[in-house]
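Have a look at the structure below before the remarks.
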Amino acid sequence: MTTGVAADTVGRPRRLLRAASTTPQRLRRVAASLVVGCLVIVVVSVLDGVARTDAVHASGTRIAVLTADAAELYRSLADADATVTSGYVSGGLEPAPVRARYDEDIARAADRAMHAAGRLPVGDPAAVPVAMIGIQLPVYTGLVETARAHNRLGLPLGQSYLDRASRLMRSTILPAAEELRQMQTAALAAAYRRGGTIPFAVLLIGAAVLAGVVDHAVLERRRTNRVVNIGLLVVGAALVAALLWWVVAVVVAGNRLDGARQHSDAATALDGARIAVLQARSNESLVLIARSGGGSSEQGFTTQVERVLGPGGDGGLLADAVRSVPDSAVRIGAIRTALVDWRDAHRRVRELDDGGQYRLAVASVTGADPAGSGVAFERLDAALASAIDIERVAFTVDVGRADSALTGLTPGPAVLGLLAAGAVTAGIGRRVGEYR
Amino acid sequence: MTNVNVGRPVGYLCVAAALALGSLLVTGGGTVPSDGPPPTPSNPPAAAPSCTQTRESLRPTGLTPAPGTMPAGSTMAVIAGRGRLIAGVDQGKYLVGYRNPITGELEGSDIDVVRQIAAAIFGDPNRVQFVVLNIADRVRAIERGQVDLVVNTFTVTCERQQKVEFSSAYMTVSQRVLVPTGSGATEIENLTGARVCTSLGSTTEVVLRALPIGLDVVSLPGIPDCMVELQRGRVAAVSSDDVILAGLAAQDPQTKVVGRPLARSFYAVGMSPGAPDLVRFVNAVLERARSDGSLAVSDQRWLRALNPVPQPAPARYRD
């Protein structure tokens, strides 16, 4: 369709030229068709520019923020559950810092969910999982508080409430948060595609109009043997400038968007890794609480850690992150080491528990043992958190640069197009005047 | 009888068998009062020849050896060599076998039995690795050798005896019903059409399903799960053995135990049929716990809320 319009625009001046009876009439028709061509460029340029700037702007602001919200929401929820579960394993009343961490997690989760809900456009399908979290989170906290009340009285019924809360979290709330996260990741990818594609319509129409102008100028020069019309020179220069503006802006923005996409891909992989190790951490505590030996529940730990490390220990989500951002190899290597350390500590926990040393196993998991699994996990989590932060900041910088590369893309080439239209009228109009 | 998928006929049959055992012990020992009509199913199917009555346990061979001197080659020597007894228990039954959330330790009358056995082997009641088992997993844990023994409100039935060797009974219990204090129900018959919860794969489940009064029986992995359902108003009653219900009632003053005993049964320690020496050893430990009063002291300590405190069952052996 685009090429059809272009061909028409090229063909029309010649046909009209031949069909018209007098030279001024023919010139007027040429001028009219070139003006229409320039105006089409203006319209197409404005439409594409607005869509593109919006997409990049949205990816830098709304969608990227929602993606970060979704990841943070998931992490807070998973951390709340892991915290309350490991607090229970240690026995006794929860220490104040554990309680504070849970409260902080719940507050952050509620805050992120509200924030995300406020930023979603009306009718966005992501509203469904956000609503699910809004409905179920109070139920979850209610069950946890009931469990706490029973624990405080020394009654074992608390464990049944805690178990129910944890099941609600793992079977309903976390999957909803994951759904939101995946929806936003997909939306972000779509925004990149819209922001970085080649502007075929503008370039083809622009090239066609430019060809029409050049063609007309060449024919006129042959017919009248006069120097090139100033007006037509201005038209050509304006059109070339508009097209160059487009090419440069899109190439620069595309470059920046590629960088941004790499950082957001790395952040997504690292978010996935952080979530997987949190689930493994919950699993570690749950196995100790259930006190039913390892067995099938231990499988959950192994699966999650393998997702992050890969089957051979050198792949998985961490390798995905390095593939996206090769510069992060050192940071990611440190994370890999921390995870292997934690896995080793976890294996010692399992050996202790399976060997009847339940109390030592609990001490390792709850962080009472400085060489234990709890402390190793904290190190791993901190390393992941800082790596994710670095990728998010780099992402924001790149999207900001892409955004500024597109500054003026909507009005700039459009004004040049209008200038070209004006120059066509002025330039050819002067020739027409010579026939009076 | 330990699995839900066992068909109804087998269920009827086993109720009949349990009742047969009960009446046998009533006439033989004379220590179990015979109040309350037995929950006879309306149309019991013809008895299958494989499982008609429970058998008695193995007679202990004199006193237990002194701790630390288990006979070479015995199952106890293997346990002693390992350094710990592996016991299948529960951690959700208040007063019977539960995790004290303040200390993180397991406690209760069943746990005391485990500790007595550990003390007899090691001279140290704490040389125990506890493995928490769902009601429905107890027989399998013994079959797979995951645990040395199970002390987890384990009722002796002839069905289970095909896979498990039981010790002599250490406690007599009867199945009753727990309802909210505001409930008008005083007998199980008042709960016709209502949702009544019990643990999956338990003998109490079989008894409830056999009652011809149209109960809507809900079975969950553990009795505490039933209690949560009761507190959330999703079931009308919980039915289990009186000692277990006493533990639930003690956690929620807004509940009460009502009705006549629906079935009478005996708790014993479950072990592998392949370890008769361990069974005789445990019976000797129980024998001593009965005679020196330590079993009664433990029951008095944990189960004084029950009136009367359940009595240790009389030991009977098949030699």
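The values are calculated or read from the model by the stated rules, or taken from the named source; none is laboratory data. None of these values were measured; they are calculated from a predicted model. Every residue, glycine as well, gets a Cβ built from its backbone with ideal geometry; the counts of neighbours run over all protein chains shown.
Name every residue in the range A:216-236 that is part of a loop (DSSP other than H, G, I, E, B) and touching a helix residue (DSSP H, G or I) at 6+ places or on another chain (Cβ under 9 Å), in order of residue number.
If we filter the range A:216-236 for residues that are part of a loop (DSSP other than H, G, I, E, B), which is where we start, we get A:225-229.
The answer is A:R226, A:V227, A:V228, A:N229.
Which condition breaks for A:R52 when tested against (1) farther than 30 Å from A:P175 by Cα; (2) within 14 Å of chain B (Cβ to nearest Cβ)?
A:R52 satisfies all of (1) farther than 30 Å from A:P175 by Cα; (2) within 14 Å of chain B (Cβ to nearest Cβ) except (2).
Given the structure, is B:V282 within 27 Å of B:S57 (Cβ to Cβ) and surrounded by 24 or more Cβ atoms within 10 Å (Cβ to Cβ)? Show your work before the answer.
Numbers: within 27 Å of B:S57 (Cβ to Cβ): yes; surrounded by 24 or more Cβ atoms within 10 Å (Cβ to Cβ): yes.
It is true that B:V282 is within 27 Å of B:S57 (Cβ to Cβ) and surrounded by 24 or more Cβ atoms within 10 Å (Cβ to Cβ).
Name the residue that is nearest to the other protein chains (Cβ to nearest Cβ), counting only residues in the range A:357-400 that are surrounded by 15 or more Cβ atoms within 10 Å (Cβ to Cβ) and acidic (D, E).
Applying the filter and picking the extreme gives A:D369.
Those residues that are touching a residue at least 24 places away in the same chain (Cβ under 8 Å) and surrounded by fewer than 18 Cβ atoms within 10 Å (Cβ to Cβ), I need them from the range A:331-343; list them, please.
Matches in the range A:331-343: A:A334, A:V340, A:D341.
Can you find even one residue in the range A:338-356 that is outside any loop (DSSP other than H, G, I, E, B), modelled with pLDDT of 90 or more and among the small types (G, A, S)?
Yes: one or more hits.
Find the residue count for the range A:21-35, including only residues that are free of Cβ contacts under 8 Å to residues at least 12 places away in the same chain, surrounded by fewer than 16 Cβ atoms within 10 Å (Cβ to Cβ) and not in a loop (DSSP other than H, G, I, E, B).
Result for the range A:21-35: 1.
Pull out all pairs, ordered by first then second residue, where Cβ-Cβ is under 6 Å, the residues are six or more apart or on different chains, the first lies in the range B:54-83 and is more than 14 Å from every other protein chain (Cβ to nearest Cβ), and the second is assigned to a loop (DSSP other than H, G, I, E, B) and among the small types (G, A, S).
B:P67/B:G123; B:G68/B:G123; B:T75/B:A275
Working only within the range A:133-167, note down all residues that are more than 12 Å from every other protein chain (Cβ to nearest Cβ) and farther than 21 Å from B:K93 by Cβ. Write out each step before concluding.
Filtering the range A:133-167 down to residues more than 12 Å from every other protein chain (Cβ to nearest Cβ) leaves A:133-138, A:140-141, A:144-145, A:166.
Listed by number, the residues that qualify are A:I133, A:G134, A:I135, A:Q136, A:L137, A:P138, A:Y140, A:T141, A:V144, A:E145.
Out of (1) surrounded by fewer than 18 Cβ atoms within 10 Å (Cβ to Cβ); (2) of a type in the set (V, I, T); (3) closer than 30 Å to A:D403 by Cβ, the odd one out for A:V202 is which?
(1)
Can you tell me which residue within the range B:90-130, out of those that are among the charged types (D, E, K, R) and buried (at least 24 other Cβ atoms within 10 Å of the Cβ), is farthest from A:V89 (Cα to Cα)?
Pass one, the range B:90-130, residues among the charged types (D, E, K, R): B:90, B:93, B:99, B:105, B:107, B:110, B:112, B:115, B:124, B:127.
In the following step, the residues that additionally are buried (at least 24 other Cβ atoms within 10 Å of the Cβ) were identified as B:90, B:93, B:99, B:110.
Numbers: B:D90: 16, B:K93: 18, B:R99: 11, B:D110: 22 Å.
For the range B:90-130, the residue satisfying everything is B:D110.
Got a number for residues in the range B:213-254 being within 11 Å of chain A (Cβ to nearest Cβ), touching a residue at least 60 places away in the same chain (Cβ under 8 Å) and β-branched (V, I, T)?
1
If a residue must be within 7 Å of chain A (Cβ to nearest Cβ), in contact (Cβ under 8 Å) with a residue 12 or more places away in the chain, part of a loop (DSSP other than H, G, I, E, B) and not basic (K, R), how many such residues does the range B:84-113 contain? Break it down into steps so the answer makes sense when it comes.
Restricting attention to the range B:84-113, the residues satisfying the condition of being within 7 Å of chain A (Cβ to nearest Cβ) are B:84, B:91-92, B:94, B:98-104.
Of the ones still in play, those that are also in contact (Cβ under 8 Å) with a residue 12 or more places away in the chain are B:84, B:91-92, B:94, B:98.
Filter once more, keeping what is part of a loop (DSSP other than H, G, I, E, B): B:84, B:91, B:94.
Within this subset, residues satisfying the condition of being not basic (K, R) are B:91, B:94.
Adding up the residues that qualify gives 2.
Restricting attention to the range A:169-181, does a residue exist that is without any contact (Cβ under 8 Å) to a residue 12 or more places away in the chain, within 14 Å of another protein chain (Cβ to nearest Cβ) and either part of a loop (DSSP other than H, G, I, E, B) or closer than 25 Å to A:S282 by Cβ (or both)?
No: the range A:169-181 contains no residue that is without any contact (Cβ under 8 Å) to a residue 12 or more places away in the chain, within 14 Å of another protein chain (Cβ to nearest Cβ) and either part of a loop (DSSP other than H, G, I, E, B) or closer than 25 Å to A:S282 by Cβ (or both).
Looking at A:Y140, A:Y192, A:Y161, which is the one that is within 22 Å of A:V251 (Cβ to Cβ), hydroxyl-bearing (S, T, Y) and part of a helix (DSSP H, G or I)?
On the way: A:Y140 fails: within 22 Å of A:V251 (Cβ to Cβ); A:Y161 fails: within 22 Å of A:V251 (Cβ to Cβ).
Residue meeting the stated conditions: A:Y192.
From the list A:P311, A:P326, exactly one residue is within 24 Å of the chain's Cα centre (by Cα) and without any contact (Cβ under 8 Å) to a residue 12 or more places away in the chain. Which is it?
A:P326
Looking at (1) in contact with a Cys (Cβ under 9 Å, 6 or more places away or on another chain); (2) at pLDDT 50 or above, which is the only condition B:V6 fails?
So the condition that B:V6 fails would be (2).
Please find, among A:Y88, A:Y102, the residue that is assigned to a helix (DSSP H, G or I), away from chain B (no Cβ under 14 Å) and closer than 17 Å to A:R152 by Cβ.
Numbers: A:Y88 fails: away from chain B (no Cβ under 14 Å).
From the options A:Y88, A:Y102, the qualifying one is A:Y102.
Please work out if B:V206 is in contact with a helix residue (DSSP H, G or I) (Cβ under 6 Å, 6 or more places away or on another chain), within 14 Å of another protein chain (Cβ to nearest Cβ) and within 17 Å of B:T54 (Cβ to Cβ).
no
Please determine, by comparing only the residues of the range B:132-190 that are in a strand (DSSP E or B) and within 14 Å of chain A (Cβ to nearest Cβ), which one is surrounded by the fewest Cβ atoms within 10 Å (Cβ to Cβ).
B:V132
In the range A:122-130, is there at least one residue being more than 35 Å from the chain's Cα centre (by Cα), at pLDDT 90 or above and surrounded by fewer than 23 Cβ atoms within 10 Å (Cβ to Cβ)? Please lay out each step first, then the result.
Applying the first criterion (more than 35 Å from the chain's Cα centre (by Cα)) to the range A:122-130 yields none.
No, there is no match, as no residue in the range A:122-130 is more than 35 Å from the chain's Cα centre (by Cα), at pLDDT 90 or above and surrounded by fewer than 23 Cβ atoms within 10 Å (Cβ to Cβ).
Identify all residues within the range A:98-121 that are at pLDDT below 90 and within 22 Å of B:N100 (Cα to Cα); write none if there are none.
Within the range A:98-121, A:V98 is the sole residue that qualifies.
Output the residues belonging to the range A:143-158 that are assigned to a helix (DSSP H, G or I) and touching a helix residue (DSSP H, G or I) at 6+ places or on another chain (Cβ under 6 Å).
Narrowing the range A:143-158 to residues assigned to a helix (DSSP H, G or I): A:143-152, A:157-158.
A:L143, A:V144, A:T146, A:A147, A:H150, A:N151, A:L157, A:G158 - these are the residues of the range A:143-158 that are assigned to a helix (DSSP H, G or I) and touching a helix residue (DSSP H, G or I) at 6+ places or on another chain (Cβ under 6 Å).
Looking only at residues in the range A:159-186 that are modelled with pLDDT of 90 or more and small (G, A, S), which one is nearest to A:A68 (Cα to Cα)?
A:A177
For A:A189, which of the numbered conditions (1) loosely packed, with under 15 Cβ neighbours inside 10 Å; (2) out of contact with any Leu (no Cβ under 9 Å at 6 or more places or on another chain) fails to hold?
Just one mismatch for A:A189, condition (1).
Looking only at the range B:57-89, which residues are over 19 Å from B:R288 (Cβ atoms), β-branched (V, I, T) and exposed (fewer than 14 other Cβ atoms within 10 Å of the Cβ)? Spell out how you get there, then give the answer.
Step one: list which residues in the range B:57-89 are over 19 Å from B:R288 (Cβ atoms), which gives B:72-73, B:77-78, B:81-84, B:86, B:88-89.
From what's left, β-branched (V, I, T): B:78, B:86, B:89.
Matches in the range B:57-89: B:V78 only.
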